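Undergrad: Right, I'll just put the structure down here and ask away after.
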Amino acid sequence: MTTLKPIYWNFDKLDVAFQGIVQQAMLDALEQARLQAQASRSQEALEWRGEKMHVAGHGAPGGYAYLCDTGPVGAKWFFSRNQSVSGWNIRVSVKSNALASMGLGRVRAEIYRYLDAIGAKVFSEAISRVDYCMDLVASEIEAASGEPFALNPTAFVMHSHTSRADHEVETKQSHGISGRYTSVTCGKMPGRQVIVYDKSKEVQERQKPEWWKHWNAAIEANGGTPLVGNERIWRVELRAGKRHLKDRWGITTWAELDNKLGDVLSCAAEQIRYTRPSPSDTQRFRWPNHPLWDAVQATIAADLAEMTSGAKPGVVKEIHRQQLLAVMERQLLGQVPTLIEAKGAPTDAESVTSIVSHLVRDHLENEPERFHAAIARSRKKYILLSDEQGQRLRRPTTILCGTPAGSGN
């Protein structure tokens, strides 16, 4: 049997509230953008002191009137109307792509850079959620255990007060129908949660192809062989919510997080374990760890630090641009045959090209205002996919990631 190691490990989510205020002028700009977003039923683009964001037409629970999104490698920011210096008027929820691209240390610096850039004054912080994850290849789990890997909910050994939720999908096999579990969750938020799930399935279903890039960047940084793009990847995620951090561990500040988070996650991995069931032993606490869990505990003990996969924020934006271009081109090309058939026109390349080009040219010449208004709407809608110099959407000159399994967030 081989020693099992994750291909990727990192922080996956970070939520922080701040006691502080923003300028009234920013609140006025946010209010105007929120009303415009309500009227248009779409997010409104706003640039404040050089920082681009999308403003939603609604707020969020907790008294936050304004919800802002800074892009696929950014965060969601929440602001209240309250200008009391004693209020917790600002909150941020950092996206997993930002943590994967930059790591916890650079993300923390980026949070304070952003707060300074928008002119906010903050006095103290309160950490309200931290997720830590590690990803493992199914074939490597099987090599380490010496048997096929199938997620088994009954193999989790945990405290009697810990709840468990299972998610099952039916798959057809040559000998009939059987159940295959793709996710098991132990615990509830805002307390403590441990979840094991099929991450490659989520990547495919939610259209997150950038994760293959994150994985390969981490693998190559450790001298490994990149993934092909059709592997099954299992994720183990340990989540600590506000109640667990504050009430159980006394963690609210960055310093407390730095000093105690390793203990928090080590304890979680000890109190909730994935094991090899021993049917002859009725004392579940004596069941040995599955190699998967040995790898989890070893990773937490050895490398709970500010980690990064090496993928840069620009790579994620480029992947999203590539996806958008592909979708737009498919839609455009899908309409051309119908147009040609409706016109009863010849189907040779020269005739088709002439018809389409004349159609576009006539539209530009006869309705220029309508065309440029549409351009402005598109520029506003996709402003967060442009680079720092405001570069327009373009097709990349190189392919930045392999084709994910089963692909056509």
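Undergrad: Taking the Cα atoms of the range 30-77 alone, what are Rg (to one decimal) and Dmax (as a whole number) in Å?
TA: Spelled out, the Cα radius of gyration and Dmax of the range 30-77 are 10.2, 28 Å.
Undergrad: Do the alpha carbons of any pairs in Lys13/Lys201; Lys5/Lys121; Lys242/Lys381; Lys76/Lys213 sit beyond 31 Å of each other, and which pairs?
TA: Exceeds cut-off: Lys5/Lys121; Lys242/Lys381.
Undergrad: Let a ≥ b ≥ c be the square roots of the eigenvalues of the Cα gyration tensor of the range 27-111; is it rounded (a/c under 1.5), or, if not, prolate (a/b larger than b/c) or oblate?
TA: Oblate, because a/c is 1.5 or more while a/b does not exceed b/c.
Undergrad: Would you please give the residues with an amide H less than 5 Å from that of Ala165, counting only those at least 5 places away or on a separate chain, with H modeled from the backbone geometry?
TA: Those qualifying (amide H under 5 Å, at least 5 residues apart or on another chain) are Thr185, Cys186, Gly187.
Undergrad: So how much accessible area does Met158 have, in Å² to the nearest 10, using a 1.4 Å probe?
TA: 50 Å²
Undergrad: To the nearest 10 square angstrom, what accessible area does Ser357 show with a 1.4 Å probe?
TA: It works out to around 50 Å².
Undergrad: Here is a further query. Which order do you get for Phe371, Phe285, Phe156, Phe123 if you rank them by accessible area with a 1.4 Å probe, largest at the top?
TA: Of Phe371, Phe285, Phe156, Phe123, the descending order of accessible area is Phe285, Phe123, Phe371, Phe156.
Undergrad: With a 1.4 Å probe and every protein chain kept in, tell me what percent of the accessible surface of the chain is carbon plus sulfur.
TA: Here it works out to 51 percent.
Undergrad: Go through 339-349, 205-215 and give me the packing order, highest mean Cβ count within 10 Å leading.
TA: Ranking the peptides 339-349, 205-215 by packing returns 205-215, 339-349.
Undergrad: Before I look further, what does the range 213-347 give for accessible area per residue, probe 1.4 Å, in whole square angstrom?
TA: For the range 213-347, the per-residue accessible area is 53 Å².
Undergrad: For Cα Rg over 2.2 N^0.38 Å, which listed value, [x] 1.08; [y] 1.15; [z] 1.00, comes from the coordinates shown?
TA: [y]
Undergrad: Next up: Measure of size requested: the Rg and Dmax of the range 31-174, with Cα atoms as the atom set and Å as the unit; please supply both.
TA: Using the Cα atoms of the range 31-174, the pair Rg, Dmax is 21.3, 66 Å.
Undergrad: So what is the relative contact order for the range 245-356, in percent, with contacts set as C-alpha pairs under 8 Å and at least six apart?
TA: 15 percent
Undergrad: Which value in nm describes the separation of the simple spin-label points at Val85 and Ala60, placed 7 Å from the Cα toward the beta carbon?
TA: Result: 2.6 nm between the two label points.
Undergrad: Defining a contact as two alpha carbons under 8 Å apart and six or more residues distant in sequence, what relative contact order in percent does the range 64-166 show?
TA: About 14 percent, as a whole number.
Undergrad: Divide by every residue of the chain the summed helix terms, -39500 (n - 2.57) for each DSSP H run of at least 4, and state the resulting mean residue ellipticity at 222 nm, rounded to the nearest 500 deg cm²/dmol.
TA: -13000 deg cm²/dmol
Undergrad: Let me ask you something else. Can you bin the range 325-385 into rounded, prolate or oblate? Criterion: square roots of the alpha carbon gyration tensor eigenvalues sorted a ≥ b ≥ c, rounded for a/c under 1.5, prolate for a/b above b/c, oblate for the rest.
TA: oblate
Undergrad: List the relative contact order of the range 31-104 as a percent without decimals, with contacts defined as Cα pairs under 8 Å and 6+ residues apart.
TA: Worked out over the range 31-104, it gives 20 percent.
The values are calculated or read from the model by the stated rules, or taken from the named source; none is laboratory data. If you're wondering where the values come from, they're calculated on a predicted model, not measured in any experiment. Neighbour counts are summed over all protein chains in view; Cβ atoms, including those assigned to glycine, are modelled from backbone coordinates with ideal geometry. What goes into the accessible areas is simple: the full protein's heavy atoms, side chains included, and nothing from ligands, DNA or RNA. Shrake-Rupley method; radii C 1.70, N 1.55, O 1.52, S 1.80 Å.
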